[in-house]
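For reference, the structure is listed below as structure tokens.
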């Protein structure tokens with residue numbers, strides 16, 4: 001009887017102790033406890049990755065926008081430069097031998113289109129002019145945009161553009177030739193060191209009074225130049241309206257081996273000092 005009473009409580013205490021030990025040492029209890037922390041960490045990592053990806057995409061979009069803005073600015077500047085250059089300067093290609101030896105076939109000259117707005121027309125200047133109405137009949141059509149664009153960079157001259165040297169101004173009397181075979185302007189002989197080798201000042205005789213608002217022009221290769229002399233019977237008597245002058249040829253810009261300025265020859269100073277009508 002005593003034995004039965006002692007064994008009962010001992011078994012119960014051992015079972016409780018074993019159960020508590022099992023609860024404390026159960027592996028599953030250790031695995032379940034950190035689960036919320038891992039989920040939070042995984043959530044933060046996922047959000048961080050999404051945030052980093054969003055920032056990278058935003059930076060890429062900003063770079064694309066900046067490149068578009070830069071492209072627009074560059075194109076705008078090029079267009080502006082082309083317009084300004086077209087208004088102030090223009091390149092012309094020399095197509096013939098009429099201005100040799102000063103200008104050779106294939107030379108490109110830079111023409112100052114503002115020269116007669118900010119300066120004065122002078123004898124001896126090499127000019128580019130539109131011969132329509134004086135050297136050739138007036139045209140009824142106009143060049144297209146593509147042709148004008150090519151012309152602005154010297155790749156396509158106007159069909160009626162000519163390059164010659166100004167010899168007589170409005171009111172000047174230009175004649176050829178005096179007893180020594182020289183060209184005269186207002187009775188003053190003109191020395192012409194720029195003429196093509198062995199060329200005469202002119203084989204044709206003429207005596208012309210330059211009308212108001214017009215100029216008399218001649219090529220430096222006189223025997224190969226269809227200049228004012230060749231149009232004595234045309235309207236204007238071979239002279240060219242000043243408002244048809246595109247501009248003054250300032251310099252040769254191509255080829256580089258011939259690059260240089262196109263100054264007024266010193267021989268014209270004598271006319272400037274003594275030629276009253278055109279002054």
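Assuming residue 130 fulfils every condition listed in (1) in contact with a strand residue (DSSP E or B) (Cβ under 9 Å, 6 or more places away or on another chain); (2) modelled with pLDDT under 60 apart from one, which condition is it?
Of the numbered conditions (1) in contact with a strand residue (DSSP E or B) (Cβ under 9 Å, 6 or more places away or on another chain); (2) modelled with pLDDT under 60, the odd one out for residue 130 is (2).
Which of the residues spanning region 249-268 are at pLDDT below 95, touching a strand residue (DSSP E or B) at 6+ places or on another chain (Cβ under 8 Å) and closer than 18 Å to residue 169 by Cα?
267, 268
Do any residues in region 182-200 that are in contact (Cβ under 8 Å) with a residue 12 or more places away in the chain and at positive phi have Cβ atoms under 7 Å from those of residues that are part of a loop (DSSP other than H, G, I, E, B) and surrounded by fewer than 20 Cβ atoms within 10 Å (Cβ to Cβ), where the two are at least six apart or on different chains, and which pairs are they?
186/276; 186/277
Are any residues in region 154-172 under 22 Å from residue 100 (Cβ atoms), modelled with pLDDT of 95 or more and assigned to a loop (DSSP other than H, G, I, E, B), and if so, which ones?
Correct list: empty.
How many of the residues in region 214-271 are surrounded by 17 or more Cβ atoms within 10 Å (Cβ to Cβ), assigned to a helix (DSSP H, G or I) and either at positive phi or out of contact with any helix residue (DSSP H, G or I) (no Cβ under 8 Å at 6 or more places or on another chain) (or both)?
7
The values are calculated or read from the model by the stated rules, or taken from the named source; none is laboratory data. The shown structure was predicted, so the numbers you read here are calculated from the model rather than taken from an experiment. For neighbour counting, all protein chains shown are included, and Cβ atoms are generated from backbone atoms with ideal geometry for every residue, glycine included.
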